[in-house]
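Asker: If you scroll down you'll find the structure; I have some questions about it.
Just so you know, all these numbers are worked out from the coordinates, no wet-lab data involved. Everything quoted here is computed from the prediction, not taken from an experiment. Here Cβ is always computed from backbone atoms with ideal geometry, including for glycine, and neighbour counts include all displayed protein chains.
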Amino acid sequence: MPSDPSEPSPSCPDTTFATQGLSTKSVHAGERRQKSEGAIATPIFTASTFTFDSTDSLLRFVDGHEEREEYGRYGTPNERSVEAKLAALEGYEEAIVYSSGMAAMVGVLMSRLNAGDEIVFFDQCYHRSREFCAKHLARFGVVTRQVPTGDFEAMEAAITPKTKMLVSESPTNPHLSVIDLEKFVAIGKACEVETLIDATLATPLNLRPIEYGVDLVLHSATKYLGGHNDLLAGVICGSREALEPIRALRGILGSINSSHNMYLLERGLKTFELRMQRHNENGMRIAEFLEAHPRVERVYYPGLPSHPTHEIARTQMNGYGGLITFTIKGADWKETSQVVDAAKIFRIAPSLGGVESLIEQPLVMSYYHCTPQEREQFGIGDNMIRMSCGIENSDDLIADLAQALEA
Ligand SMILES: *Cc1c(COP(=O)(O)O)cnc(C)c1O
């Protein structure tokens with residue numbers, strides 16, 4: 001890092017791009033205009049610690065007169081530039097990156113909740129988020145109340161004076177239910193409870209939670225934000241004030257990123273809008289193809305008028321993404337797995353949001369160790385397939401699914 005004091009410090013990123021379009025922000029926001037040695041790409045800073053010229057310089061820092069790096073667990077230049085880019089994309093004052101989406105979820109909940117506090121969340125959600133709440137927050141005396149997704153009366157009824165947070169995904173994983181953010185935020189405001197949306201499946205292109213007044217937005221950046229199935233990361237966006245204690249706890253939890261990882265995320269973000277446009281197009285075309293296919297029983301895709309939350313999706317979303325869940329007519333788990341196995345371009349793997357198309361049977365992939373009762377409760381059928389449409393040619397993807405469904 002050059003010591004020229006005329007250079008903005010790494011924690012004071014360029015904010016010129018605040019009012020510009022998403023792609024301009026994803027290419028330029030958060031980065032210094034003139035970087036070390038004139039490099040156009042952000043250099044990878046591999047330092048675990050950062051030196052002070054003198055005790056005077058250290059005193060300037062500890063007295064709060066200078067913003068700069070200190071020790072890697074509290075932040076690095078590569079994390080700061082990605083954080084500023086993500087904050088600009090999401091429209092919030094600040095962002096904090098984590099080593100994974102789950103680390104972000106754990107980081108924010110651990111920072112906010114005390115023994116005796118309660119949270120209310122919609123029941124359709126990423127299974128590890130549910131597990132963390134039900135199994136682990138419970139160990140610290142935090143009460144978590146699950147209510148049926150989209151049932152705002154049940155949500156309101158579950159709120160008590162001890163409720164500290166309302167949590168939901170939108171769209172939800174894997175049923176792709178879209179939450180009415182206007183209602184969600186109205187309840188939060190009326191009851192003075194903080195609102196948190198996991199918008200991983202939506203991305204900042206397809207959903208703008210800030211426009212509805214959501215307090216905190218979380219993403220697994222492993223998915224569309226990174227976009228290349230080659231990194232894990234998470235992010236939480238919010239106001240500077242809301243994030244301050246969360247950042248302080250991250251410095252203790254140590255759920256931080258290597259600079260190499262942050263460079264990959266920054267590079268992936270450069271093409272964010274382009275990739276998302278293709279995910280949206282492929283998702284819509286493939287969902288329509290599946291819905292018209294005689295072997296398909298039901299398609300869960302918020303862009304289809306048949307989806308129960310399509311009307312909210314249509315008014316709140318700018319696109320519907322690449323994730324599609326569907327069921328095969330009259331198929332048992334074995335026949336369903338034969339469809340998965342017959343796909344050639346789609347690869348069998350968990351995760352979503354990358355350039356490569358992926359396919360999986362939730363029963364086997366993520367819910368294998370659940371009891372049949374739990375699977376029924378979570379809405380995971382034996383004949384269910386979840387697909388993440390990548391950015392390949394959509395004719396090729398459709399041809400692949402057509403042959404897999406006939407096999
Ligand atoms: C994947 C995912 C997570 C967890 O993110 P990781 O980066 O895998 O830890 C959380 N929420 C949703 C909606 C996800 O899809």
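Asker: Using the Cα centre of the chain as the reference point, and only Cβ charges (+1 on K/R, -1 on D/E), how large is the resulting charge dipole? Debye, rounded to the nearest 20. Please report the intermediate quantities before stating the final value.
Answerer: Details: 38 positive and 55 negative charges, 80 e Å.
In debye, rounded to 20, the chain gives about 380.
Asker: Shifting gears a bit: Does the stretch 309-362 come out rounded, prolate or oblate by the C-alpha gyration tensor, with a ≥ b ≥ c the root eigenvalues, rounded set by a/c under 1.5 and, if not, prolate when a/b is larger than b/c and oblate if not?
Answerer: On the way: a/c = 3.41, a/b = 1.56, b/c = 2.19.
The shape class here is oblate.
Asker: Go through 339-350, 202-213 and give me the packing order, highest mean Cβ count within 10 Å leading.
Answerer: On the way: 339-350: 16.1, 202-213: 21.7.
Output ranking for 339-350, 202-213: 202-213, 339-350.
Asker: Right, something else. List the residues, sorted by chain then number, that are 5 or more residues from T144 or on another chain and whose placed amide H is less than 5 Å from its amide H.
Answerer: Under 5 Å from the amide H of T144: I119.
Asker: While we're on this one: Counting Lys and Arg as +1 and Asp and Glu as -1, what is the net charge of the other residues whose Cβ lies under 10 Å from the Cβ of G101? List each step's numbers first, then the result.
Answerer: Values: positive: R128, K223; negative: D198.
With Lys, Arg at +1 and Asp, Glu at -1, the neighbours total +1.
Asker: Along the three principal axes, how long is the stretch 272-406 when you take its alpha carbons, biggest first, rounded to the nearest angstrom?
Answerer: 39, 32, 28
Asker: Identify, among A158, A404, F184, the residue whose Cα sits farthest towards the positive end of the charge dipole of the chain, taking +1 on the Cβ of Lys and Arg and -1 on the Cβ of Asp and Glu, with the dipole about the Cα centre.
Answerer: Farthest towards the positive end: A404.
Asker: Counting only other residues whose beta carbon sits under 14 Å from that of H310, what net charge do I get with K and R as +1, D and E as -1? If you can, show how the numbers build up before the last one.
Answerer: On the way: positive: R298, R314; negative: D180, E288, E291, E311.
Around H310, the surrounding residues sum to -2.
Asker: Please name whichever of T336, G238, V355 sits farthest to the positive end of the charge dipole of the chain, dipole taken about the Cα centre and charges placed at Cβ: Lys and Arg +1, Asp and Glu -1.
Answerer: Working it through, the farthest residue towards the positive pole turns out to be T336.
Asker: Moving on. Calculate one ³J(HN,Hα) per residue across the stretch 350-364 by plugging θ = phi - 60° into the Karplus curve 6.51 cos²θ - 1.76 cosθ + 1.60, and present them in order as whole Hz with x for glycine and proline.
Answerer: For the stretch 350-364, the Karplus-derived couplings read x, 5, 6, x, x, 5, 7, 6, 10, 9, 7, 9, x, 3, 8 Hz, x marking Gly and Pro.
Asker: Explain nothing, just compute: Karplus ³J(HN,Hα) = 6.51 cos²θ - 1.76 cosθ + 1.60, θ = phi - 60°, for every residue of the stretch 230-247 in order, whole Hz, x for Gly and Pro.
Answerer: 10, 7, 10, 6, x, 8, 10, 10, x, 6, 4, 5, 5, 8, 3, x, 5, 5
Asker: Shifting gears a bit: Could the peptides 221-232, 138-149 be put in order, highest first, of the mean number of other beta-carbon atoms found within 10 Å of their residues?
Answerer: On the way: 221-232: 23.2, 138-149: 16.2.
So the order, starting with the most tightly packed, is 221-232, 138-149.
Asker: In addition: Let me make sure I get this right: for the stretch 90-179, a, b and c are the square roots of the gyration tensor eigenvalues over alpha carbons, sorted descending. Under 1.5 in a/c it's rounded, otherwise prolate if a/b > b/c, else oblate. Which is it?
Answerer: Values: a/c = 1.43, a/b = 1.05, b/c = 1.36.
The shape class here is rounded.
Asker: Further, regarding this structure: Run the Debye formula on the Cα coordinates of the stretch 22-269, all scatterers equal and no solvent, and tell me log10 I(q)/I(0) at q = 0.17 1/Å.
Answerer: The Debye formula, applied to the Cα set alone, gives -1.27.
Asker: What does the charge add up to near Y126, with Lys and Arg as +1, Asp and Glu as -1, over the other residues with Cβ less than 13 Å from its Cβ? Intermediate values should be presented prior to the final figure.
Answerer: Numbers: positive: R128, R130, K223, R386; negative: D123, E131, E169, D198.
Residues near Y126 contribute 0 overall.
Asker: Related question: Which links in K25/K344; K223/K329; K85/K344; K35/K189; K25/K183; K223/K334 stretch past 32 Å when you go from one Cα to the other? Please report the intermediate quantities before stating the final value.
Answerer: On the way: K25/K344 36 Å; K223/K329 30 Å; K85/K344 36 Å; K35/K189 42 Å; K25/K183 30 Å; K223/K334 28 Å.
Over 32 Å apart, Cα to Cα: K25/K344; K85/K344; K35/K189.
Asker: Taking loop as defined by DSSP and a crowding limit of 12 other beta carbons within 10 Å, which chymotrypsin sites (Phe, Trp or Tyr not before Pro) in the stretch 359-407 fit? Mind showing how you got there, number by number?
Answerer: Numbers: sites: Y367, Y368, F378; in loops: Y367, Y368.
Sites meeting the loop and neighbour criteria: Y368.
Asker: Percent relative contact order of the chain, based on C-alpha pairs within less than 8 angstrom and at least six residues apart?
Answerer: Details: 788 pairs, mean separation 61.8, N = 407.
Normalised by residue count, the contact order of the chain is 15 percent.
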